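Presented below is the structure to which this report refers.
The values are calculated or read from the model by the stated rules, or taken from the named source; none is laboratory data. All values derive from a computational prediction rather than experimental measurement. Cβ coordinates were reconstructed from backbone atoms using ideal geometry, including for glycine residues, and neighbour counts include every protein chain displayed.
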Amino acid sequence: MTAESDLPSRADVGALLDRYLLDLDAGSLDEAWARSLFTEDAVVEFPVGRHEGVPGLAAFHRTALAKFARTQHLNSPAAVDLYGDRARLRANLVSTQVLPGGSLFTTGTRAEGLASRTAHGWRLRRLSFHLIWSTGSPHPA
């Protein structure tokens, strides 16, 4: 049973993933964006790459997204487990990437993360994506 006093923290942690994915699609990725979502020692892992630390994190994402004309990320609500000032989150995600020629590359992934409560609010310490399925090709034919 969830204590009512935990609900704001659970919502704040889940909102980190929501903001992260919406910002990927909006393309507004800079150092301020990275610091608003991640701890200084954060680790982000994808099936095709990994980055450690906030410095360079926005550039890492911009580079990964540059090969697509557009993206759309749709996620389930995050299941959040609280452990004091730490939290674990899990969600399902469908990502559609539009290639410059118009073909689609779509993936289904499981997102998992760890978050910490900091002086500036909740921040992600670790965020990883595990591929479950895909259709299309991430590279133009």
* Could you check, for the range 104-116, whether at least one of its residues is of a type outside the set (A, V, I, L, M), touching a Phe, Trp or Tyr at 6+ places or on another chain (Cβ under 8 Å), assigned to a loop (DSSP other than H, G, I, E, B) and in contact (Cβ under 8 Å) with a residue 60 or more places away in the chain? => no
* Among E52, E31, E45, which is the only one that is of a type in the set (D, E), more than 19 Å from W122 (Cα to Cα) and at pLDDT 95 or above? -> E45
* Structure fact -> In the range 37-66, anything touching an Asp or Glu at 6+ places or on another chain (Cβ under 9 Å) and farther than 28 Å from S134 by Cβ is listed as D41, G53, V54, P55
* Any chance the range 67-85 includes a residue that's part of a helix (DSSP H, G or I) and of a type in the set (G, A, S)? -> no
* Residues being part of a strand (DSSP E or B), of a type in the set (D, E) and surrounded by 15 or more Cβ atoms within 10 Å (Cβ to Cβ) - total across the range 20-48 -> 1
* Can you pull out the residues in the range 105-131 that are surrounded by 14 or more Cβ atoms within 10 Å (Cβ to Cβ), over 17 Å from the mean Cα position of the chain (by Cα) and of a type in the set (A, V, I, L, M, F, W, C)? -> F105
* Asked: Any idea which of L82, L93 is more than 14 Å from the chain's Cα centre (by Cα), of a type outside the set (S, T, Y) and under 26 Å from S9 (Cα atoms)?
  -> L82
